[in-house]
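Enquirer: Dropping the structure in here first, questions after.
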Amino acid sequence: MLDLNSRLIIFYGMSLSPIPTGGPKPDIDQCLLALRTKFQKGELFQMLDGDSASIRVADIKVDTKSRLAAILFQYSDQKVADPVFSDLASGKLRQESKLHGEGVAISAHALISMTPTKSGGSEYQLLLEDVPGIGKTKIEKFLKSFLKSLLTGTFKDKSTAKELITYPTVSLAAFASKTLRDDLEDGKLSFVELTRELAIKDLDQLPETANIVNTI
């Protein structure tokens, strides 16, 4: 069991792609800097569930030199029960009620590598704190919405010469280790041990196990 001050980290592959598929390849720098500009204006948030909840970027840092970005996501929900505190000595409980317009808040940090996992590719490694209530689904939907609203443009389709609307979209998927990814591309699997389960009717009647068997 994790310590209360510890968090698990989930490794994701964050893929950027154009809508439609024939559109120009999205640029990771442009996407993150557009999000940062929106944050600096105090507008990088969304109201959800009939304005009873919200998700926002509470902080964002983009370092184009080190090729890293850090984002603090925050989710607030009015429907979550008010927090209750207990006196350590007496056990007396105290409930802290939410004020008008407030919701119980949870936060999760994300760290994004701005260097693709493969040269020239469109997948980037993303590390996310595993926090119940603000996981992959909410964050992915949030990023999709803002990238579309911030970076919608046009491009000329090569086959029809028509101007078409395009925008970047994002998807998060579990990030496979380099060894597994390379093996799958080569059509092989390394370091895999196959086992078979067999039913055992009786344990060997050794002195060390006899008492255990008799108590089952």
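Throughout, read-outs are computed from the coordinates displayed, never taken from laboratory work. It should be emphasised that the depicted structure is a prediction, and the values quoted were computed from it without experimental measurement. Heads up, the Cβs are rebuilt from the backbone with ideal geometry, glycines too, and the neighbour counts pull from every protein chain shown.
Enquirer: Which of rounded, prolate or oblate describes the stretch 97-172 when judged by the alpha-carbon gyration tensor and an a/c cut-off of 1.5?
Expert: Cα axes put the stretch 97-172 in the oblate bin.
Enquirer: Also: Report, largest value first, the span of the C-alpha coordinates of the stretch 19-175 along each principal axis, in whole Å.
Expert: 74, 34, 28
Enquirer: Using a cut-off of 12 Å between beta-carbons, work out the net charge of the residues near R56 (Lys and Arg +1, Asp and Glu -1, R56 not included).
Expert: Local charge sum for R56: 0.
Enquirer: Under 17 Å from the Cα of K148, which lysines turn up, not counting those fewer than eight places away in the same chain?
Expert: Partners within reach: K25, K38, K138.
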